[in-house]
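Asks: Input: one structure, supplied below.
The values are calculated or read from the model by the stated rules, or taken from the named source; none is laboratory data. Fair warning: this is a prediction, and the values are worked out from it, not measured in the lab. Cβ placement follows ideal geometry from the backbone for every residue including glycine, while neighbour counts extend to all protein chains displayed.
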Amino acid sequence: MTNHYFYEGTTGPWELVIGLEVHAQVISQSKLFSGAATAFGAEPNTQVSFVDAAMPGMLPVINKICVEEAVRTGLGINAEINLVSIFDRKNYFYADLPSGYQISQNDRPIVGKGHLDIELEDGTTRRICITRLHLEQDAGKSIHDQHPEKSYIDLNRCGVALMEIVSEPDIRSSEEAAAYVRKLRSIVRCLGTCDGNMDQGSMRVDVNVSVRKPGSSLGTRAEIKNVNSIKFLAQAIDYEAERQVALLEDGGEVLQETRLFDSAKGTTRPMRSKEHAHDYRYFPDPDLPPLVLDAAWVEGIRKTMPELPDAKKARLMKDYELPAYDASIIVAETETAAYFEAAVKALKSRDSKAVKLLANWLIGDLFGALNREDKTLDTCPISEIHLAGLVDQIVEGVISGKIAKDVFVRMWETGKDAASLIEEHGLKQVSDEGAILSIVDKILDENPKMVEEYKSGKDKLFGFFVGQVMKATEGKASPEVVNKLLKEKLG
Amino acid sequence: MTNLAVKPSLKNDLIHLTLAEARRGLEKKNFSAVELTKAYLDSMEEHRHLNAYILETPEQALEGAKECDARLAKGEGRSLEGIPLAMKDLFCTKGIQTTAASHILEGFIPPYESTVSDNLTKAGTITLGKTNMDEFAMGSANITSYFGNVISPWKRADGKDLTPGGSSGGTAAAVAGGLAVAGTGTDTGGSIRQPAAFSGLVGLKPTYGRCSRWGTVAFASSLDQAGPITRDVRDSALMLKVMAGHDSKDATSAHVEVPDFAKALELGVKGLKVGIPKEYHLEGMPEDILNLWDQGKKWLTDAGAELVDISLPHTKYSLPTYYVLAPAEASSNLARYDGVRYGLRVPGRTLDELYENTRSEGFGEEVQRRILIGTYVLSAGYYDAYYLKAQKVRRLVTQDFELAYQKVDVILTPTTPSAAFALDEKPTDPVVMYLNDVLTVPANLAGLPAISVPAGFSKDNLPLGLQLIGPAFDENVLFRTARVLEDAAQFKSFLRGHVS
């Protein structure tokens with residue numbers, strides 16, 4: 001990832017200017033203007049109403065749920081809600097667009113200006129402005145590889161509601177672009193308005209990329225389509241920036257064109273067969289009166305908004321003194337935040353030390369294990385309560401942090417809770433001074449030379465004695481007690 | 001000598017009845033629904049040369065008539081039980097071919113029923129067949145149909161074949177010629193009122209939003225409105241009552257009560273203020289039209305109404321505005337006829353070729369002309385000058401009416417600038433043809449209800465209509481005023497033996 005605002009060319013620095021258009025499929029039972037179902041992966045052409053197939057005389061009727069989800073999302077990105085918006089027809093011919101037009105919103109979208117704050121790896125925050133969010137219909141799917149001459153058409157997706165969320169050209173690096181999409185995705189997932197699954201196409205990103213010498217006016221942009229993961233988004237931007245800079249530095253010119261990202265090669269290439277320069281002939285859809293929202297209804301939605309990632313992060317930082325970095329990771333995915341909060345609730349002591357410890361175990365060991373075994377929190381063998389239980393055992397001094405690693409592995413494998421595993425395997429930390437003292441004495445007796453050397457000034461050997469005691473107790477001795485007793489004995 | 005193209009068999013009195021009379025006869029068991037239907041089916045067969053129907057559905061009609069008789073026998077007759085109707089071929093009818101008079105939809109059998117035809121069927125009507133019309137309702141003479149032109153049952157002294165008007169010309173010819181008791185039409189710029197005027201019938205374009213557009217093949221969505229074509233004003237009120245009503249499947253359908261329109265019929269016009277817009281007095285308007293208009297004014301004042309001179313200053317922009325907006329919407333509405341899913345498909349080597357071949361062969365000349373006009377006025381660089389400007393003018397035309405209705409209750413004008421013309425006199429210049437709509441188009445732009453009432457004859461002894469335009473959702477004022485005109489005019493309809 002290019003973690004710099006400036007891209008170094010042979011003629012000096014270039015600035016990247018990036019704007020994103022995110023298409024987010026609205027979670028709803030039925031389509032934007034018809035009653036047909038929207039489930040992913042159904043048999044081709046089984047979720048198609050007469051409206052979707054553009055049969056003669058069929059008329060669109062707006063699905064209120066989709067309007068509500070768009071408003072909710074608009075509120076989630078801190079945007080103005082337009083109480084009056086207009087649906088327009090975007091006219092073009094294609095086989096998977098039965099009516100010959102897509103119903104969209106051109107001049108007057110349902111949601112106006114908003115913004116998102118993104119956190120970067122260096123700990124800084126940047127505000128990315130959002131131009132608008134509008135509702136539109138998805139098209140169907142053309143399938144070209146099933147017959148030598150013919151194409152097949154699947155209209156299941158045709159008419160499904162999309163929210164197109166357009167950013168200002170405020171983004172300056174692939175890292176920022178990735179952070180923006182991640183942030184947007186965490187918000188729509190938190191709101192439940194879009195599942196954010198880029199691999200299934202329910203969230204798609206078109207990227208506008210241009211480069212310019214710092215301070216000069218905007219360069220010609222290329223639009224990149226077919227980017228279906230955040231990793232590919234960053235790749236596509238970096239490739240495209242490099243391509244444009246090389247082109248310009250060679251005295252060439254960037255063409256305003258649509259390019260496709262090839263994920264196998266990590267490159268972009270011009271879209272073929274774009275001989276039609278589309279004139280979409282937008283005009284207000286006469287079948288749909290202006291969409292007029294009641295201000296009180298919008299306020300009602302605002303009142304039922306869940307806590308959004310930014311607010312949640314601020315609360316975690318305030319209530320538990322969690323560092324910003326930990327808090328951002330925890331709130332990035334709704335599921336992580338929910339897991340964390342449930343675990344916090346189960347902790348015996350909820351002081352900031354215990355909560356920080358819990359965060360460490362979640363972000364470090366648990367995420368590591370999930371990644372290794374390709375699992376998610378949904379399929380995680382360690383429950384929120386069990387992770388909290390493990391932290392309790394550490395905080396209460398029942399086991400040391402080192403033993404806890406061992407207990408964690410056993411929890412992962414068995415699904416059992418920490419306390420019973422500690423009991424079962426006798427892993428309890430020994431804090432009884434009498435018991436440890438006898439071992440200390442034994443170790444000192446067995447190593448008279450070392451004792452002598454230590455006393456003659458070799459302070460470093462203290463660690464040797466600690467290690468021997470821990471070894472003899474199989475790591476169960478309380479490190480604090482061992483330290484204290486050794487210091488007393490060795491003077 | 002009669003001026004009839006059709007010679008109604010005198011033995012068959014049934015086809016002379018109005019809807020209300022027929023309904024009464026059925027109730028009194030003077031005749032059965034099957035007898036009534038058969039009378040019409042015979043008449044349809046006898047007068048097939050008028051080409052009023054694209055598709056006749058005698059089996060379904062007789063089947064339906066039997067069911068009506070069963071209901072009537074049990075005393076369970078619904079409001080329009082047993083009434084044989086002509087259905088414009090723009091209304092999708094489940095299991096019955098619906099073409100919009102276009103080659104591109106030839107053979108298309110809808111798996112659904114339009115709300116308007118469904119409302120009628122549920123009130124007990126019998127559909128005799130699907131009537132001819134201008135292709136996709138684009139035309140004023142019923143000469144753009146893929147299935148051939150319609151001939152009016154009326155004849156001029158010179159014996160030439162006349163147009164019944166358009167686009168609902170098939171329904172108008174059928175109702176006037178005794179091939180249906182009444183029928184459905186649609187009116188985008190005058191397509192109910194003009195053929196009604198040409199055929200000596202009552203034609204009503206209800207308020208936009210009064211009748212659902214669901215299941216009606218769209219021409220220009222913001223202007224299209226279904227309505228009845230009938231033999232008298234009462235029939236119009238009875239039919240509208242059934243056709244109208246809110247439909248949740250049409251977002252432009254109005255959430256308003258449907259009154260019992262028939263109750264308004266005998267209210268009279270005493271004390272009503274009738275607006276006479278000076279802008280409807282067109283330059284070069286024939287004397288017979290002007291005389292009829294004067295006659296109408298006199299009838300209304302005689303009945304106690306007060307005339308008020310009004311101005312609708314943007315009237316002259318209505319026609320050009322209409323011929324920007326209607327084609328713009330049509331160009332988009334007709335994009336779905338692409339040869340991919342239903343109707344005609346003319347193959348090609350590529351997808352674009354499939355489109356080009358299908359649409360070139362499937363659409364007639366007038367439809368192609370309007371698609372091109374519509375595409376042009378919406379295209380980049382022309383949108384502001386045409387489409388956007390036209391939308392603004394539409395708003396001004398609407399405001400003209402809003403201001404007028406602060407002073408008057410209803411507006412009286414002629415329906416058409418001339419009587420029906422002979423088919424071999426049809427204008428070759430499309431713009432001259434478009435002038436037929438000049439007096440009817442403003443009501444569509446403003447979404448207002450308007451009715452044409454047969455009120456007299458031209459110098460060639462052909463029917464002429466007077467138009468009444470009312471405030472939105474006040475069809476009642478049209479019915480009560482139209483009844484007064486009808487009463488005074490004592491119009492001798494075609495079937496009731498008008499003699500030249």
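Asks: Looking only at segment B:340-349, which residues are more than 10 Å from every other protein chain (Cβ to nearest Cβ) and not small (Gly, Ala, Ser)?
Replies: B:Leu344, B:Arg345, B:Val346, B:Pro347
Asks: For segment B:404-435: of the residues being assigned to a loop (DSSP other than H, G, I, E, B) and small (Gly, Ala, Ser), which is surrounded by the most Cβ atoms within 10 Å (Cβ to Cβ)?
Replies: That would be B:Ala420.
Quick grid of which residues meet (1) of a type in the set (Phe, Trp, Tyr); (2) free of Cβ contacts under 8 Å to residues at least 60 places away in the same chain; (3) within 23 Å of A:Thr73 (Cβ to Cβ); (4) touching a Ser or Thr at 6+ places or on another chain (Cβ under 7 Å):
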| site | (1), (2), (3), (4) |
| --- | --- |
| A:Leu293 | no, no, yes, no |
| A:Ile301 | no, no, yes, no |
| A:Leu308 | no, no, yes, no |
| A:Tyr325 | yes, no, no, no |
| A:Ile330 | no, yes, yes, yes |
| A:Thr336 | no, yes, yes, no |
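Asks: Tell me the strands (runs of 3 or more DSSP E) entirely within segment B:45-152 that contain at least 2 residues that are under 17 Å from B:Ile192 (Cα atoms).
Replies: B:84-88, B:126-131
Asks: Okay, next question. Of everything in segment A:17-37 that's assigned to a loop (DSSP other than H, G, I, E, B), in contact with a Ser or Thr (Cβ under 8 Å, 6 or more places away or on another chain) and surrounded by 22 or more Cβ atoms within 10 Å (Cβ to Cβ), which residue is nearest to the other protein chains (Cβ to nearest Cβ)?
Replies: So the residue we want is A:Ser34.
Asks: Run down A:Gly434, A:Gly457, A:Gly401 and say which single residue is surrounded by fewer than 18 Cβ atoms within 10 Å (Cβ to Cβ), modelled with pLDDT under 90 and closer than 30 Å to A:Thr334 by Cα. Reasoning before the result, please.
Replies: Details: A:Gly434 fails: closer than 30 Å to A:Thr334 by Cα; A:Gly457 fails: closer than 30 Å to A:Thr334 by Cα.
Criteria check complete, one pass: A:Gly401.
Asks: Here's another thing I want to ask about it. Can you spot a residue in segment A:183-197 that is more than 21 Å from A:Pro306 (Cα to Cα) and of a type outside the set (Asp, Glu)?
Replies: no
Asks: Touching a residue at least 60 places away in the same chain (Cβ under 8 Å), within 14 Å of another protein chain (Cβ to nearest Cβ) and surrounded by 17 or more Cβ atoms within 10 Å (Cβ to Cβ): does that describe A:Arg221?
Replies: no
Asks: Has segment B:458-466 got at least one residue that is buried (at least 21 other Cβ atoms within 10 Å of the Cβ), among the hydrophobic types (A, V, I, L, M, F, W, C), part of a loop (DSSP other than H, G, I, E, B) and touching a Pro at 6+ places or on another chain (Cβ under 6 Å)?
Replies: No.
Asks: Residues in segment B:89-117 that are away from chain A (no Cβ under 12 Å) and surrounded by 23 or more Cβ atoms within 10 Å (Cβ to Cβ): how many?
Replies: Number of matching residues: 1.
Asks: Next question. Which of the helices (runs of 4 or more DSSP H) found entirely inside segment A:234-347 contain at least 3 residues meeting this: among the small types (Gly, Ala, Ser)?
Replies: Result: A:295-303, A:324-332, A:334-346.
Asks: Would you please name the residue that is farthest from A:Ile118 (Cα to Cα), looking only at residues in segment A:299-333 that are among the hydroxyl-bearing types (Ser, Thr, Tyr) and surrounded by 19 or more Cβ atoms within 10 Å (Cβ to Cβ)?
Replies: Of everything passing the filter in segment A:299-333, A:Tyr320 is farthest from A:Ile118 (Cα to Cα).
Asks: For segment A:132-168, give me each residue that is β-branched (Val, Ile, Thr) and under 14 Å from A:His23 (Cα atoms).
Replies: Quick first cut of segment A:132-168, residues β-branched (Val, Ile, Thr) only: A:143, A:153, A:160, A:165-166.
Scanning segment A:132-168 gives A:Val160, A:Ile165, A:Val166.
Asks: When residues of segment B:358-380 are filtered for being of a type in the set (A, V, I, L, M, F, W, C) and at the interface with another protein chain (Cβ under 10 Å from one of its Cβ atoms), how many remain?
Replies: 3
Asks: Ok, one more. Among the residues of segment A:73-113, what is the count of those that are among the charged types (D, E, K, R), touching a helix residue (DSSP H, G or I) at 6+ places or on another chain (Cβ under 8 Å) and surrounded by fewer than 21 Cβ atoms within 10 Å (Cβ to Cβ)?
Replies: Residues flagged as among the charged types (D, E, K, R), touching a helix residue (DSSP H, G or I) at 6+ places or on another chain (Cβ under 8 Å) and surrounded by fewer than 21 Cβ atoms within 10 Å (Cβ to Cβ) within segment A:73-113 amount to 1.
Per-residue answers, yes or no, for (1) more than 14 Å from chain A (Cβ to nearest Cβ); (2) within 24 Å of B:Arg78 (Cβ to Cβ):
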site	(1), (2)
B:Ser212	no, yes
B:Phe219	no, no
B:Met239	yes, yes
B:Glu257	yes, yes
B:Lys263	yes, yes
B:His281	yes, no
B:Glu287	yes, no
B:Asp294	yes, no
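Asks: Kindly indicate whether any position in segment A:395-417 is touching a Ser or Thr at 6+ places or on another chain (Cβ under 8 Å) and not in a loop (DSSP other than H, G, I, E, B).
Replies: Yes, segment A:395-417 contains a residue that is touching a Ser or Thr at 6+ places or on another chain (Cβ under 8 Å) and not in a loop (DSSP other than H, G, I, E, B).
Asks: Which is within 23 Å of B:Gly189 (Cβ to Cβ), buried (at least 19 other Cβ atoms within 10 Å of the Cβ) and within 13 Å of chain A (Cβ to nearest Cβ), of B:Tyr383, B:Tyr355, B:Tyr337?
Replies: B:Tyr337
Asks: Working only within segment A:17-35, note down all residues that are modelled with pLDDT under 95 and among the aliphatic types (A, V, I, L, M).
Replies: Across segment A:17-35, there are no qualifying residues.
Asks: What number goes with the only condition from (1) within 12 Å of chain A (Cβ to nearest Cβ); (2) hydroxyl-bearing (Ser, Thr, Tyr); (3) buried (at least 20 other Cβ atoms within 10 Å of the Cβ) that B:Thr321 does not pass?
Replies: For B:Thr321, the exception is condition (1).
Asks: Another question, then. Examine segment B:446-454 for a residue that is surrounded by fewer than 18 Cβ atoms within 10 Å (Cβ to Cβ), under 29 Å from B:Arg156 (Cβ atoms) and either acidic (Asp, Glu) or in contact with a Phe, Trp or Tyr (Cβ under 8 Å, 6 or more places away or on another chain) (or both), and state whether such a residue exists.
Replies: Looking for residues that are surrounded by fewer than 18 Cβ atoms within 10 Å (Cβ to Cβ), under 29 Å from B:Arg156 (Cβ atoms) and either acidic (Asp, Glu) or in contact with a Phe, Trp or Tyr (Cβ under 8 Å, 6 or more places away or on another chain) (or both), one finds none in segment B:446-454, hence no.
Asks: Which of (1) touching a Phe, Trp or Tyr at 6+ places or on another chain (Cβ under 7 Å); (2) under 22 Å from B:Ala197 (Cβ atoms) does B:Asp247 not meet, given it meets every other one?
Replies: Answer for B:Asp247: the failing condition is (2).
Asks: Which condition number does A:Leu370 fail, the rest of (1) over 24 Å from A:Arg350 (Cα atoms); (2) out of contact with any Cys (no Cβ under 9 Å at 6 or more places or on another chain); (3) at pLDDT 90 or above being met?
Replies: (2)
Asks: While we're here: I'd like to know if segment A:190-197 contains one or more residues that are more than 14 Å from chain B (Cβ to nearest Cβ), within 24 Å of A:Thr124 (Cα to Cα) and either in contact (Cβ under 8 Å) with a residue 40 or more places away in the chain or assigned to a loop (DSSP other than H, G, I, E, B) (or both). Lay out the reasoning, then the answer.
Replies: If we filter segment A:190-197 for residues that are more than 14 Å from chain B (Cβ to nearest Cβ), which is where we start, we get A:190-197.
Filter once more, so that each one left must be within 24 Å of A:Thr124 (Cα to Cα): A:190.
Those still in the list that are either in contact (Cβ under 8 Å) with a residue 40 or more places away in the chain or assigned to a loop (DSSP other than H, G, I, E, B) (or both) too: A:190.
For segment A:190-197, residues more than 14 Å from chain B (Cβ to nearest Cβ), within 24 Å of A:Thr124 (Cα to Cα) and either in contact (Cβ under 8 Å) with a residue 40 or more places away in the chain or assigned to a loop (DSSP other than H, G, I, E, B) (or both): present.
Asks: Same structure again: Could you say whether any residue in segment A:132-145 is more than 14 Å from every other protein chain (Cβ to nearest Cβ), surrounded by fewer than 19 Cβ atoms within 10 Å (Cβ to Cβ), of a type outside the set (S, T, N, Q) and free of Cβ contacts under 8 Å to residues at least 24 places away in the same chain?
Replies: Within segment A:132-145, one or more residues are more than 14 Å from every other protein chain (Cβ to nearest Cβ), surrounded by fewer than 19 Cβ atoms within 10 Å (Cβ to Cβ), of a type outside the set (S, T, N, Q) and free of Cβ contacts under 8 Å to residues at least 24 places away in the same chain.
Asks: If you take the residues of segment A:94-111 that are hydroxyl-bearing (Ser, Thr, Tyr) and assigned to a strand (DSSP E or B), which of them is farthest from the other protein chains (Cβ to nearest Cβ)?
Replies: Filtering segment A:94-111 for residues hydroxyl-bearing (Ser, Thr, Tyr) gives A:94, A:99, A:101, A:104.
From what's left, assigned to a strand (DSSP E or B): A:94, A:101, A:104.
Numbers: A:Tyr94: 8, A:Tyr101: 6, A:Ser104: 13 Å.
Only one residue fits best here, namely A:Ser104.
Asks: Which residues, taken from segment A:41-93, are within 12 Å of chain B (Cβ to nearest Cβ), within 16 Å of A:Asn156 (Cα to Cα) and within 34 Å of the chain's Cα centre (by Cα)?
Replies: Selection gives A:Asn45, A:Val48, A:Asp52.
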